[in-house]
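Taking it in order: structure first as C-alpha cells, then the write-up.
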Ligand SMILES: Cc1ncc(COP(=O)(O)O)c(C=O)c1O
C-alpha cells in the first residue's frame, strides 16, 4: 500500500476480525488468558509474540504500532503514554550512568528541562551543541557517547535539521541518530530515508490532530548493529531478563533489538504504556493526517507571507520563506513545504506580544501545537518559562518570539485574526 492508504488500512485487517469490525476495537483488558504453561513460558522468553499484560502490549495499541511502523517504513514501534516518555525511553534504552549523548541545543522546553535537569541526576549527560555546526557535533563525541539527538524541526526556533549530515557523523562513530519528528510527521518527512535510526513522536500533535489525547511513540528503522560494542546495555547479560544479551542473543530478531529491549525493559519496568482508548483516538486522527498536513502547510505559507510583509512585525521565521536560513533544507527535507509552524517577533517586544495574544479571537491561546485549530503562545512566559534569557536564546526562543501553530481553518479567517490582533498593538 502507498502512504495515504496505509494511513487508513495498515495494521488492521477487518477481514481477519471475527466480527468484521472496520475500525480497530478497543480492547479494554488488563491481562490475557495463556493457552497453557508452555505458551506462557514461550511468550515470556520472547520465543513467540503475543499478549501477556496490557502494560507491555495491547491489541488496540498493537494495531497503532503496526500502522506507525508501516507509515515510517520502519521495522518496529513501541507506543507510549506521551511524547515526553517517548523521548525519555528512546535514550535510557541505550544508556546508563556515565554515558552521554549529543543533543541539539535547540529543543522543545520540556525536553530541554529533561536533558538539563532530570537525566543528569541519573548520570546521563546531554552535550548540547548547535546542530548546524557539524564540526562541533563531531568534536563533542567521545567513547561514552551513545547517540546524536535532535528534532526534525526545532520547537520553537524552527531550525530544520540536516538529517543526512548528522546521521553520517553518527554512523561514522557507530552510534544512532535519534530524531523527534513531531513537527514534520511522516507525511512531510521520511526521516529513515535520510539516515535516522530511531524516530520519536509526540502523537499528541499533528499525528492525532484533534487535540484530544496525550500520546507518544518510538519507531526503529531496523538494521542498526546494537552489538557493535558501543552499547554496554546490549552487550552484558541482562539479569532482569534471563541473562539476555540484547545485542547478541536475538538471532533474526536482532534487527529490532532496540525495540524489543525498549518494550521489555523500560516499558515493562517503568510503565509509561499507552491506553487502548488513546490508541483508538490516535488512529482516528491519523486517517486524515496527509490531508490535514497539506492544508496546514498551505495555510502556514500564506500566514508567513502575510506576517513577513506586515509593518508591525519585526522578523518572521518560516522555513518555506525564501529569505529564511532554513529555506534550502526545507526544500530537501520538507518536500518543498515550510512545515506548519510560523514564529515571529512583534515590534514593541514583550508588551506588544502580550497584547497581541490577548486580542486574538479565533486563534486559541494554549500550550499545544499541531491541532486542527490555529494556536498561539508566547513561549518565554509559558512553555519555556523555566529557561533563563541565555537558555531561551540557546533554545532558539528569544523573549519576543510568538509561536503560531497554523490550523486548517479558512485562510481568510486566519489572516483576519492575525491582522486585527496586530493592529491592536499599534
Ligand atoms: C517536539 C516535541 N517533542 C515532544 C513533546 C512532548 O510531547 P507530549 O506533550 O506528548 O509529552 C512536545 C510537546 O510539545 C514537542 O513539541
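In table form, for the structure just shown:
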{"quantity": "Filter result (more than 16 Å from the ligand (Cβ to nearest atom) and within 23 Å of residue 227 (Cα to Cα)) within segment 102-143", "calculated": "102, 123, 124, 125, 138, 140, 141, 142, 143"}
{"quantity": "Which numbered condition residue 254 fails, given (1) buried (at least 24 other Cβ atoms within 10 Å of the Cβ); (2) assigned to a helix (DSSP H, G or I)", "calculated": "(1)"}
{"quantity": "Residue among 417, 390, 410 that is over 19 Å from residue 300 (Cα atoms) and more than 16 Å from the ligand (Cβ to nearest atom)", "calculated": "390"}
{"quantity": "Residue in segment 53-72 that is surrounded by fewer than 16 Cβ atoms within 10 Å (Cβ to Cβ), over 28 Å from residue 196 (Cα atoms) and away from the ligand (no atom under 16 Å from the Cβ) present", "calculated": "yes"}
{"quantity": "Evaluation of residue 203 against (1) over 19 Å from residue 269 (Cα atoms); (2) modelled with pLDDT under 95 (one fails), failing number", "calculated": "(2)"}
{"quantity": "Lone qualifier among 263, 268, 317 - being in the same structural domain as residue 45 (by TED's automatic domain parsing), touching a residue at least 12 places away in the same chain (Cβ under 8 Å) and touching a strand residue (DSSP E or B) at 6+ places or on another chain (Cβ under 6 Å)", "calculated": "263"}
{"quantity": "Residues being part of a loop (DSSP other than H, G, I, E, B) and under 18 Å from residue 409 (Cβ atoms) - total across segment 279-317", "calculated": "1"}
{"quantity": "Some residue of segment 272-286 being closer than 18 Å to residue 402 by Cα, buried (at least 16 other Cβ atoms within 10 Å of the Cβ) and under 21 Å from the mean Cα position of the chain (by Cα)", "calculated": "no"}
{"quantity": "Subset of segment 359-387 that is in contact (Cβ under 8 Å) with a residue 40 or more places away in the chain and assigned to a helix (DSSP H, G or I) - its residue that is nearest to the ligand (Cβ to nearest atom)", "calculated": "379"}
{"quantity": "Count - residues of segment 172-206 that are more than 15 Å from the ligand (Cβ to nearest atom), assigned to a loop (DSSP other than H, G, I, E, B) and farther than 18 Å from residue 334 by Cα", "calculated": "5"}
{"quantity": "Residue, surrounded by the most Cβ atoms within 10 Å (Cβ to Cβ), within segment 335-362, restricted to residues that are farther than 15 Å from residue 156 by Cβ and in contact with a strand residue (DSSP E or B) (Cβ under 9 Å, 6 or more places away or on another chain)", "calculated": "356"}
{"quantity": "Test: residue 160 is farther than 29 Å from residue 55 by Cβ, surrounded by fewer than 24 Cβ atoms within 10 Å (Cβ to Cβ) and touching a residue at least 24 places away in the same chain (Cβ under 8 Å)", "calculated": "no"}
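The values are calculated or read from the model by the stated rules, or taken from the named source; none is laboratory data. None of these values were measured; they are calculated from a predicted model. Positions of Cβ are backbone-derived with ideal geometry, glycine not excepted, and every protein chain shown enters the neighbour counts.
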